[in-house]
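Okay, structure first, notes after.
The values are calculated or read from the model by the stated rules, or taken from the named source; none is laboratory data. Here the structure is a predicted model, which means the values were calculated and not measured. Backbone-built Cβ (ideal geometry, glycine too); neighbour counts: all protein chains shown.
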Amino acid sequence: MKVHRDLSKLPYFKNAVVTIGSFDGVHLGHKKLLKKVKDLAIANSGESVVVTFHPHPRQIIYPKDSGLHLISTTEEKIDLIAQSGVDHLVIVPFTVEFSQVSADEYIQRFLVEKFHPKFLVIGYDHRFGFNRQGDINYLKWYEKTAGYQVVEIQKQEVDQIAVSSTKIRNLILEGDVKGASKLLGHYFELSGKVVKGQQIGSSIGFPTANIRVEEKAKIIPPDGIYAAYAIYEGKRHPGMLYIGNRPTLKNKSGRTIEINIFDFNEVIYEDELKIELVDFIRKDEELKDLDALRQRLSEDKKAAEAILEKAWKQVIEWERLSQPSVGIVILNYNGRKYLEEYLPSVLSTKYPNFEVIVADNASTDDSIEMLQAKFPQVGIIKLNKNHGFAKGYNLALQDLEHDYFVLLNSDVKTPKKWLQPAIKLMEKDRTVAAVQPKILSLAQPEYFEYAGAAGGWIDFLGYPFCRGRIFDTVEKDLGQYDQQTEIFWASGACMITRGPLFNGFGGFDNEFFAHLEEIDLCWRFKRAGYKIMFTPKSVVYHLGGGTLGYHSPYKTYLNFRNSHYTLLKNESVWRMAFIMPVRVALDTVAAIMFLVNGRWLHAQAVFGAFFTFLLALVTFIKKRIEIEKLVERLRILPQTNRIGMLSKSIVFQYFILRKKVFNKL
């Protein structure tokens, strides 16, 4: 995340998705909003921009008001917002002059001129401008003239309580830091430099690090003892925190904030320390002497250790949720035996934040009943009929909010650590739209599997093939393709793609029903400048042909028909003028070869595919026009990414030159 503090030096934000607010505490409601901003930016090939203010507006408008309590300092806020994964944080210097800007000026001279927003993601109660005269309806009134779209975020509910910074402040002021953490989605923090104290704690066996909190408006909980974590140089240490005037010492040294860090002996004076308050233990009290204090602190330590032992599960859960969310979605039609056999391997995936969902295409077997009985942890989406692979996935994915989707066939077996390498690759490079793992044969693991192998390519005539599989020739895996590389398309048998980007590019084409819809989608990604990647660090095992046999005439029909559809939708007009006559000729030769070999139904499928294509010509020309507009709007590079497209004819290379393996092309 890039942090900007000077409005005069802001970059030009492309397709900016902007949200504005104080974000005090960066609580669960804020996190919901920030996720929406990030997802919208990804779906629209844009940049996510968070705008906040420093100092807090109330500190400028009401300088004598001592009632302001901030949950987070600006630096704490920066750290918390960075965890959301947004691209930019703009910290606007809030001045008296800025506070007097009218709502109209705020929109025109601030929002539009500085940020050029494509979308404004705003909470339901957002107010702005002089005397807070502007609201969400005012922003919507400007939508057409300003060129942005307002997206409203409703109240986020936690335990039936509306999340708000005010509620969280009240809980902290009451000492209920545990209750506050439920609304924050993280522990309340105190941070500052470690300063020297009187070192009395060391003399009684409980050395403490005294914290100086610089922000005067920072909310400080009531006096007492708290179970807490100290975070030093990125590592979390258990401890107990004291806030109070140390009445037992009777030295009138003023209120202190100090933490006894368990089993910690480092000298950290003048270093920054962050403290997470987990739970309240007891109120501050005056004891008769240091021996009594030592005894009381021993009891407090036992209480803190018990609390922190239980709290560690919450820490792990928050850390899990901080990882990108992955929805592994398996489309099923009468695949009970495959689900029963291969789901256990998918469920044993070693990744911290994933969910397995089965989208059922109105199966007539007992798939649903089996899932409910044997795999209750699996989510189920029931579709009303068999929509095929393309529309079935579109319907299943349209309402899911995961950062990443994994499209996985029901007849795929996965090792435990198969997912992490792909997610790591995509997190590192925002221009990667989809990733395919190495796909090996489940029946013969030493061989690549037909559907995907080591990543998909396509020749200039639109015929698809794979690294490791050309037509019916499947290679043995000898490590010859064990390099991470860019490809043209990722197999629908196991494709990892960005959730918002999948939906942003329109998902699969429903007309395809099944086969080549993944190539069509990947081509759209590449036309906009995105990458499709293969990673050998991720490996899965595919049975293959589980739902529709590789030698089925219907598959032949779909492959030939959908290949024409894909070309018409994605290839340039001048290339199409040359390609289509050649394709018709080659497809005719293929049909004749089927006839010669006695495969009459396959020959019929080839001719049927071409005639179906001709009948749908007008429909797909209209689709082409719509896709042109979509790609231009979402483009990240000025030209199509053609890496993975062979400039030769794969048919000529394979059948005439007898080049049967990828490395010989």
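Structure notes:
- Single residue of segment 504-521 satisfying the filter (not in a helix (DSSP H, G or I) and not hydrophobic (A, V, I, L, M, F, W, C)) that is farthest from residue 342 (Cα to Cα): 506
Okay, residues lined up against (1) surrounded by fewer than 15 Cβ atoms within 10 Å (Cβ to Cβ); (2) touching a Phe, Trp or Tyr at 6+ places or on another chain (Cβ under 7 Å); (3) not assigned by TED's automatic domain parsing to the domain that holds residue 512:
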{"position": "618", "(1), (2), (3)": "yes, no, yes"}
{"position": "621", "(1), (2), (3)": "yes, no, yes"}
{"position": "639", "(1), (2), (3)": "yes, no, no"}
{"position": "649", "(1), (2), (3)": "no, no, no"}
{"position": "659", "(1), (2), (3)": "no, no, no"}
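- Unique match (being outside any loop (DSSP other than H, G, I, E, B), of a type in the set (Val, Ile, Thr) and touching a residue at least 60 places away in the same chain (Cβ under 8 Å)) among 231, 211: 211
- Residue list for segment 289-327, filter: small (Gly, Ala, Ser), modelled with pLDDT of 95 or more and under 29 Å from residue 350 (Cβ atoms): 311, 325, 327
- If you go through segment 413-442 and keep only what is outside any helix (DSSP H, G or I), out of contact with any strand residue (DSSP E or B) (no Cβ under 6 Å at 6 or more places or on another chain) and either surrounded by fewer than 19 Cβ atoms within 10 Å (Cβ to Cβ) or of a type in the set (D, E, K, R) (or both), you end up with 415, 416, 417, 429, 430.
- Of all residues in segment 470-494 being without any contact (Cβ under 8 Å) to a residue 60 or more places away in the chain and touching a Phe, Trp or Tyr at 6+ places or on another chain (Cβ under 9 Å), the one that is surrounded by the most Cβ atoms within 10 Å (Cβ to Cβ): 490
- Residue among 596, 661, 573 that alone is modelled with pLDDT of 90 or more and over 30 Å from residue 430 (Cβ atoms): 661
- Any hit, segment 242-251, residues being under 40 Å from the mean Cα position of the chain (by Cα) and not assigned by TED's automatic domain parsing to the domain that holds residue 26: yes
- Being crowded, with 22+ Cβ neighbours inside 10 Å and in contact with a helix residue (DSSP H, G or I) (Cβ under 9 Å, 6 or more places away or on another chain) is a property that residue 389 has.
- Matching strands (runs of 3 or more DSSP E) fully within segment 306-412 where at least 3 residues are under 30 Å from residue 82 (Cβ atoms), of a type in the set (Val, Ile, Thr) and touching a residue at least 60 places away in the same chain (Cβ under 8 Å): 326-332
- Pair list, Cβ under 9 Å, 6 or more apart: segment 123-139 residue assigned by TED's automatic domain parsing to the domain that holds residue 30, other residue of a type in the set (Ser, Thr, Tyr) and exposed (fewer than 13 other Cβ atoms within 10 Å of the Cβ): 136/124
- Between 464, 445, 500, the distinction of being in contact (Cβ under 8 Å) with a residue 60 or more places away in the chain and surrounded by fewer than 18 Cβ atoms within 10 Å (Cβ to Cβ) belongs to 445 only.
- Here segment 156-182 is the region considered, the condition is being touching a Leu at 6+ places or on another chain (Cβ under 6 Å) and at pLDDT below 95, and the residue that is surrounded by the most Cβ atoms within 10 Å (Cβ to Cβ) is 163.
- Single residue of segment 65-98 satisfying the filter (more than 29 Å from residue 234 (Cα to Cα) and surrounded by 15 or more Cβ atoms within 10 Å (Cβ to Cβ)) that is nearest to the chain's Cα centre (by Cα): 94
- Any hit, segment 195-207, residues being of a type outside the set (Ser, Thr, Tyr), in the same structural domain as residue 262 (by TED's automatic domain parsing) and in a strand (DSSP E or B): yes
- Qualifying residue in segment 392-399 (condition: in the same structural domain as residue 538 (by TED's automatic domain parsing), within 21 Å of the chain's Cα centre (by Cα) and of a type in the set (Ser, Thr, Tyr)): yes
- From the options 569, 622, 660, residue that is of a type in the set (Lys, Arg), under 22 Å from residue 473 (Cβ atoms) and either in contact (Cβ under 8 Å) with a residue 24 or more places away in the chain or part of a helix (DSSP H, G or I) (or both): 660
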